[in-house]
Amino acid sequence: MLRGAEEKIVAAGGDLDAHLGDWRKQGLRIGFTWLFRYPHPGHVKVLTAARAACDRLIVGLNSVASVIG
């Protein structure tokens, strides 16, 4: 599913700001969606539609602990 070096995991904070700045300078449409826990097959349809609506898609991932406690 990953298509090369431009897809990568960025830890919170990480170098996301640099990517965002570069993408904005290029005039790319940036999308964002959030997933609760780990992706499962039911998320694929939503992620596919979200990715089709933008040039770069950022996916946030929450753990149970971050929501409950």
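The values are calculated or read from the model by the stated rules, or taken from the named source; none is laboratory data. Note that this is a predicted model, so its numbers are computed, not measured. Cβ atoms come from the backbone with ideal geometry, glycine included; neighbour counts cover every protein chain shown. Surface areas here come from the heavy atoms of the whole protein model, side chains and all, with no ligands, DNA or RNA. Shrake-Rupley method; radii C 1.70, N 1.55, O 1.52, S 1.80 Å.
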Practice item. Would you check if K45 is at pLDDT 80 or above, charged (D, E, K, R) and surrounded by fewer than 11 Cβ atoms within 10 Å (Cβ to Cβ)? Key: yes
Check your understanding: When the residues of segment 51-69 are filtered to those that are over 16 Å from H19 (Cβ atoms) and at pLDDT 90 or above, which remaining residue is least open to solvent (accessible area, probe 1.4 Å)?
Key -> A53
Exercise for review: Starting from residues that are at pLDDT below 65 and basic (K, R), keep the ones in segment 1-39 and report whichever is surrounded by the most Cβ atoms within 10 Å (Cβ to Cβ).
Suggested key: K8
